[in-house]
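Structure first, commentary second.
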Amino acid sequence: MNNNTLQIINQLFEMQYKIKDLGQSATFERNFNRLNAAFEEEGFLIQDPTNEMYNDARTDCEASIVGSVAGKMKITKTLKPIIYKKDGSTVQLVQKAVVLVAKN
């Protein structure tokens, strides 16, 4: 697998997040959907775990904890998405998400 592909996916993910923060996501939604579809055709599955629950048993994320560690934790921001590569019937984790986690 080409490392450049992961870099491109990560840069597109970051651009999409910044555009969403600016309130302009609707303008570019069709473009991002087409790019994501192209990556899926190449066997890449891209997941944004933002707003999902987090615990230490999760192996698909590298977390930085904001505040104190107590009770239920939630992913509040994703800096890099989870990326899987599908090859036939095999699905392999090629990148763990980098996330920020806070008490829910």
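Straight-distance candidates among the aspartates and glutamates for linking to Lys86, with alpha-carbon spacing under 12 Å and chain neighbours fewer than 8 residues away dropped: Glu40, Glu41, Glu42. Build a GNM of the chain with springs between Cα atoms under 10 Å apart, and of Thr90, Thr76, Thr59 the one that fluctuates most is Thr90.
Partner aspartates and glutamates whose Cα lies under 16 Å from the Cα of Lys20, excluding those fewer than 8 positions away in the same chain, are identified as Glu29, Asp48.
Between Phe13, Phe28, Phe39, the GNM of the chain built on Cα springs shorter than 10 angstrom shows Phe28 fluctuating the most.
Seen from Asp60, the other residues with C-beta closer than 14 Å to its C-beta sum to a net charge of 0, counting Lys and Arg as +1 and Asp and Glu as -1. Expressed as a whole percent, the accessible area of region 1-95 that falls on carbon and sulfur atoms is 48 (1.4 Å probe). Using a 10 angstrom cutoff on alpha carbons, build the Gaussian network for the chain and name the most mobile of Lys18, Lys85, Lys77. Of Lys18, Lys85, Lys77, the Gaussian network model singles out Lys18 as fluctuating most. Taking only the Cα atoms of the chain, the ratio Rg/Rh comes out at 1.00, with Rh defined as the Kirkwood radius.
If you take the Cα centroid of region 73-104 and the Cα centroid of region 1-42, the two points sit 15 Å apart.
The values are calculated or read from the model by the stated rules, or taken from the named source; none is laboratory data. Treat the numbers as computed from the prediction; the structure is a model and nothing was measured. Note that we place each Cβ from the backbone using ideal geometry, even for glycine, and neighbour counts take in every protein chain shown. Side chains are part of the model used for accessible areas, which takes the heavy atoms of the whole protein and leaves out ligands, DNA and RNA. Shrake-Rupley method; radii C 1.70, N 1.55, O 1.52, S 1.80 Å.
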